[in-house]
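Reviewing the structure listed below.
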C-alpha cells in the first residue's frame, strides 16, 4: 500500500460512520453500568454484552470473560500471525450520577451540534468506540497489525478483579504493546500524552463513642463527640490550607519531577485560569503562585484528601444531639516509588498515636505507574497526535489512577502508551459529562496513524 493511500478516504470514512458511532454511544450511555452500585449489576452485564457484540460486528472474536466480580470484554482480531499485535484497553463502567445536578437525565444520551452528553460519554465509552472505528478502518485498508481489545467493567472501583482476569487469560494475551485511551488533555488547544499515573491508598476512619445519639442538653460537655474528634485527627494529618501532609515519613520516597519533566508539563498549554474554569473552581490554594506550582501539585506530588464525613443529623434545621459514631472517607494519591502498603502503615500508626480509639481501615489501593516519554512507541504517539491535531503533544503525568495499567505492566511487561481524547471541559466524573465529534473524528485519524507507525517498526 502506498503510504498516502491510507489516508485518502479517511475523512469520508469518519463522516460515513458518524451516525453509527452516535447510535452505538447512545446505547452504551443508556446502560447505567455503575460498578460501585450492586443494584446495577444487570446493567453492567448488558453493557458488556453490547460491547462484545459491537466487536463481533467488526469481525473480532469477542466474549465476556467472567471474574469473581464484573466481567471483562476480551476480543481478538488476527490479520496474520506474523504481524505484530497491539492490545487496546478501555473501560465501560462509569461513576454514579446525581440526576438533580445534571441538565438532563444522566443516563439519557443527548446530542446537539456535535456535543454528546451523558454519563460515560468521555469516561470511557466514547474513546473506546473511537478506537474501535479506527481499527475497522485500519483492517479495511490492510494495515499489517493484529488487534486485541480489553474493555473492563470495574475500572471505576480500582480494578479489583483485573489481576484475576489477566492471570486466567495470560496465554491468549501475548502482545507487542498496549494502547490505553482513558486520559485527559490539559487543554483543547494542546494534545497531551501521559506517561505516568498516580497510585491510591484509600481509608475509612471510624469512631464510635457510645451506644446511641444522645441529648446535648443532658450530656453535652461530658459525652465525647466522634465527629469533632475525627475532625481533630484529620487536621493533625494534614494542613487543609496547603495540602501538606504532616504524617512523618509520608514524603520519604517521593522523587521530584526533573527539569525536563517540568518543562514538558508547562508546555502542555496549561493555564491556571483555564484549569479553574474547566473544573469550576472558585479559588485554589493560596500558596500555588505559578502554573508550574499547580501542575506539580496534581501531576508529581502525593495528596491527602477528605471525601466525606458522616454521622449525626444532617436534615433541615438543627437536631441537638451528640452523635454516637462517625466515619470519614479519606484517600491519598501516591506518586512513583511510594508504596500503598507502606503509606497505609504510616497512616494507621500516626492516627493510633493521636487517638487510639479511631479505627483506620485501609480499603482500595493502587500502585503508581511510571512509563517513559522517549523511545519508538512514544515517538509513534507524538507523530500520531501531531498528524491528527496539528500540534506535537506535551508529555505529562496524570493525577488520577488506572489500576489495570499497573497489572498489565507487572504481568505482561509490554510497552504501554496513552492516547487519550478527553478534555477538561468534558467533565470527567462530574455533572453534565460530555464528549464531542471533533475529538472523535480527530481521534480516529490519530489512532490510524499510530497503528501505521507501530506496524512499520522493525520486527
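Observations, loosely collected:
- With respect to (1) farther than 23 Å from residue 165 by Cβ; (2) in contact with a strand residue (DSSP E or B) (Cβ under 9 Å, 6 or more places away or on another chain); (3) surrounded by 15 or more Cβ atoms within 10 Å (Cβ to Cβ); (4) in contact (Cβ under 8 Å) with a residue 12 or more places away in the chain, the lone exception for residue 6 is condition (2).
- Hey, residue 274 assigned to a loop (DSSP other than H, G, I, E, B) and surrounded by 12 or more Cβ atoms within 10 Å (Cβ to Cβ) or not: no
- Selection status of residue 169, within 16 Å of the chain's Cα centre (by Cα) and in a helix (DSSP H, G or I): no
- Taking the numbered list (1) at positive phi; (2) within 27 Å of the chain's Cα centre (by Cα) in turn, residue 59 passes all entries but (2).
- Residue under evaluation residue 172, criteria (1) surrounded by fewer than 18 Cβ atoms within 10 Å (Cβ to Cβ); (2) under 18 Å from residue 378 (Cα atoms), criterion not met: (2)
Rundown of residues vs (1) more than 20 Å from residue 334 (Cα to Cα); (2) at pLDDT below 90, yes/no style:
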site	(1), (2)
254	no, no
265	no, yes
282	yes, no
289	yes, no
296	no, no
306	no, no
313	yes, no
317	yes, no
323	yes, no
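- Looking across segment 215-257, the residues that are without any contact (Cβ under 8 Å) to a residue 12 or more places away in the chain and more than 27 Å from residue 286 (Cβ to Cβ) come down to 218, 221, 222.
- Strands (runs of 3 or more DSSP E) (entirely within segment 334-431) containing at least 3 residues that are surrounded by 21 or more Cβ atoms within 10 Å (Cβ to Cβ), modelled with pLDDT under 90 and at positive phi: none
- Those residues of segment 172-197 which are part of a strand (DSSP E or B) and either modelled with pLDDT of 95 or more or on the phi > 0 side of the Ramachandran plot (or both), in sequence order: 177, 178, 179, 180
- Taken together, the criteria exclude residue 123 from residues that are part of a loop (DSSP other than H, G, I, E, B) and either closer than 24 Å to residue 198 by Cβ or touching a strand residue (DSSP E or B) at 6+ places or on another chain (Cβ under 9 Å) (or both).
- All positions within segment 206-227 that are more than 16 Å from residue 319 (Cβ to Cβ) and not in a loop (DSSP other than H, G, I, E, B): 206, 207, 208
- Complete set of residues in segment 172-189 that are closer than 19 Å to residue 371 by Cβ and under 21 Å from the mean Cα position of the chain (by Cα): 177, 178, 179, 180, 181, 182, 183, 184, 185, 186
- Of note, residue 151 satisfies the criterion of being within 20 Å of residue 24 (Cα to Cα) and touching a helix residue (DSSP H, G or I) at 6+ places or on another chain (Cβ under 8 Å).
- Out of 324, 313, sole residue that is in contact (Cβ under 8 Å) with a residue 24 or more places away in the chain, surrounded by 13 or more Cβ atoms within 10 Å (Cβ to Cβ) and farther than 24 Å from residue 425 by Cα: 324
This table checks each residue for (1) touching a residue at least 40 places away in the same chain (Cβ under 8 Å); (2) over 25 Å from residue 74 (Cα atoms).
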residue: 374; (1), (2): no, yes
residue: 377; (1), (2): yes, no
residue: 388; (1), (2): yes, yes
residue: 393; (1), (2): yes, yes
residue: 404; (1), (2): yes, no
residue: 407; (1), (2): yes, no
residue: 419; (1), (2): yes, no
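- Just one of the listed residues (127, 81) is under 22 Å from the mean Cα position of the chain (by Cα) and closer than 21 Å to residue 454 by Cβ, namely 127.
The values are calculated or read from the model by the stated rules, or taken from the named source; none is laboratory data. Remember, it's a predicted structure, so these values are computed and weren't measured experimentally. Don't worry about glycine lacking a Cβ; one is built from the backbone with ideal geometry, like all the others, and counts go over all protein chains shown.
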